[in-house]
Amino acid sequence: MKSLAEVKFIGDSYGDNYTCGLTMLGSGTMSGFELINDTEDETLYRNTDAIELSVSHKKSSLYDATEVVTTIENKGTKAVTMEMLTSVLLKKIKADKIHRLLSFWSAEGKHQIDTVKSLNLEHSWSNHGYRVLKFGNLGSMPVRQYFPFVAVENSETQEFTAVALYAPASWQIELLVKEGDTITISGGLADRDYGHWTKSLKPGEKYIAPKALVATGSSLEDVCDKLVKAQNPDISPVDLDMGIIFNEYCATWGNPTIDNLKKLADKIEGKGIKYLVMDSGWYADCGNWWDYRGDWTINKKRFPNGLKELTDYIKDKGMIPGIWFELENTSQEAPSFYETDHLVKKDGVPLTVGNVHFLDMENPWVDAHLTKYVIDNLKENDFGYIKIDYNETMGMGCDGPEGMGENLHQKVLATQRFFKKMKQEIPNLVIENCSSGGHRLEPSFMELASMASFSDAHECASLPIIAANMHRVIKPSQSQIWAVMRKDDSDERIWYSICATFLGRMGLSGDVYDLNEHQWKLLDDGISFYHKVSDIIKDGKTTLLTAETESYNDPIGGQLVVRRFKDRALLVYHRFESSVSLTDYISDKKIKLSDYEVIDKYGDAHTDFSAEALLVKISE
């Protein structure tokens, strides 16, 4: 699909039709541009001051989606200041429904459907006056309240058009209706009205807006599959086999020691687990791990011989050792909290959120500091895996040479450069993208990581609901799902937890050393089943995803996810409160189990809050 582009310069008139303050589209700036070239792959505009605005809209080389990149270049003699620049602009889409994905902490990806009518976006009786829906996010946690995604549906023809933004910081999406039943979709950096964004463009300078992906299809799952498969993550060569992760956080709760990690390594040796990851609390001689973030000196009380003893032990057990960092932030007990010259500032003073300051990732001192304490640590102690957490947001913006929104954008881009530096220094490094779980699950961060924490949902009923939601926005092969084991777990709870991991990457935690023989048998069977279906998780297509429950805390009914690959399919069914058997559930979906040859099964969804997964052969 062909995208257009718009820019708004300070000093030019804003659009009329009652839109000033709602949108910057349709401004006087664009009246000065002339269409110079319009091909299948690129559209070029130029104004009388020799400023060129181009938009590349090329078919993705990876999948059936369009990659959109907007560039503006000042080839004239006068500087201008932008206050809006689109990444993507699609016009005259006939649609009556709008699909968005809501997101808060531990409630990621909830699907919301609105109609043009319910949002009061119907065109006026005379086609005068724009109707505008504008949503997005401000700050350095880009997935908060919404994912940078929208899809519109023509329910009459079952045609869907979807957009995903590469949005590492503040972003916006706008939907406009003026005439008839057609929608304009615009998206990109949060503009001056919404995100305090301005950017000077001097003669000879070029600015590239964040990329966008566009897909069309016959269903929501269809267009989401296309958008996700057009993402191009930098997967570590050692992480191409869907290896299982054991993260010890839900066993030690921020209190790892050499002894309790050795105990875990002994217990999970030979269980088909690839990574053993040490989470927070390994640093500083501290009490509360939260207050000492940023002090990356090794806690000698917990690791008296350093971390090499730990990594050697884990490797001897046949696993890759991992370590947790929150490298961009620093708390009040860490020395770097008081390095005022090297912190992000707002209104001339260090930007403080709770007990957190933010390191200025553009600052050379910070780069050297993190190279020493992060990259050198990884190298010297032979860690092959790093979990990068990020537990606060900078909000609307920060001080710097441009508008506050652009300053923020540049700080986050510097973070992404450090991700790339880690991979350059350690090519096989496996990076886990985590931001309080799911606050950075957007394409530009996902393309820098092998996998991501899908959520901070650890031991709750919503676990499989969130895991299924992630199919619409990130690759399941990158979506690490928590399954926390406890000694008091019933068979039903183990099935419920383990079946959720079949919706992504299996991520284990908990007190596995306390499990009895029967519980270990259920876990071993789950690990074996995961390995049998990992190719479907990795390369398949999700064709059905039902999650009708309104409440995530007290879900009712059931959830079925069907993912197909070649002549096989994976069916994962979770029962909530007031649920029915899988046979009864799928009959309402016009699916017959007789259409499938069951190859293998894990779990038994025989009661509320139980689950089962089927590996089936598809008989066409």
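The values are calculated or read from the model by the stated rules, or taken from the named source; none is laboratory data. Note that this is a predicted model, so its numbers are computed, not measured. Heads up, the Cβs are rebuilt from the backbone with ideal geometry, glycines too, and the neighbour counts pull from every protein chain shown. The area values use the complete protein model at the heavy-atom level, side chains included, leaving out ligands, DNA and RNA. Shrake-Rupley method; radii C 1.70, N 1.55, O 1.52, S 1.80 Å.
A few comments on the model shown:
- Test: residue in the range 286-298 that is farther than 25 Å from L359 by Cα, in contact with a Pro (Cβ under 8 Å, 6 or more places away or on another chain) and of a type outside the set (A, V, I, L, M): no
- Flag for K199 being more than 30 Å from E52 (Cβ to Cβ), open to solvent by 10 Å² or more (accessible area, probe 1.4 Å) and modelled with pLDDT of 95 or more: no
- 2 or more residues touching a Lys or Arg at 6+ places or on another chain (Cβ under 9 Å) and open to solvent by less than 70 Å² (accessible area, probe 1.4 Å): qualifying strands (runs of 3 or more DSSP E) within the range 41-103: 51-59, 66-74, 80-94
- Checked against the criterion of being under 22 Å from G558 (Cα atoms) and open to solvent by 10 Å² or more (accessible area, probe 1.4 Å), the candidates R493, R486, R505 yield just one match: R493.
- 2 or more residues of a type in the set (G, A, S): qualifying strands (runs of 3 or more DSSP E) within the range 510-620: 611-618
- Residue pairs whose Cβ atoms lie under 6 Å apart, separated by 6 or more positions or on different chains, with the first residue in the range 17-45 and closer than 20 Å to G187 by Cβ and the second part of a loop (DSSP other than H, G, I, E, B) and open to solvent by less than 30 Å² (accessible area, probe 1.4 Å), are M24/D191; L25/E6; G26/G15; S27/G15; M30/E6.
- Annotation note: of T157, T182, the sole residue that is closer than 20 Å to S3 by Cα, of a type outside the set (D, E) and open to solvent by 10 Å² or more (accessible area, probe 1.4 Å) is T182.
- Of all residues making up the range 274-301, the number that are farther than 19 Å from C434 by Cβ and open to solvent by 10 Å² or more (accessible area, probe 1.4 Å): 10
- Single residue of T415, T371 found to be open to solvent by less than 20 Å² (accessible area, probe 1.4 Å) and farther than 28 Å from I536 by Cβ: T415
- Taken over the range 327-356, the criterion of being in contact (Cβ under 8 Å) with a residue 40 or more places away in the chain and part of a strand (DSSP E or B) is satisfied by N329, S331, K345, K346, V353, V356.
- Hits in the range 24-40 - residues which are hydroxyl-bearing (S, T, Y) and buried (at least 18 other Cβ atoms within 10 Å of the Cβ): S27, T29
- Test result for G395, farther than 14 Å from F418 by Cα, touching a residue at least 12 places away in the same chain (Cβ under 8 Å) and small (G, A, S): yes
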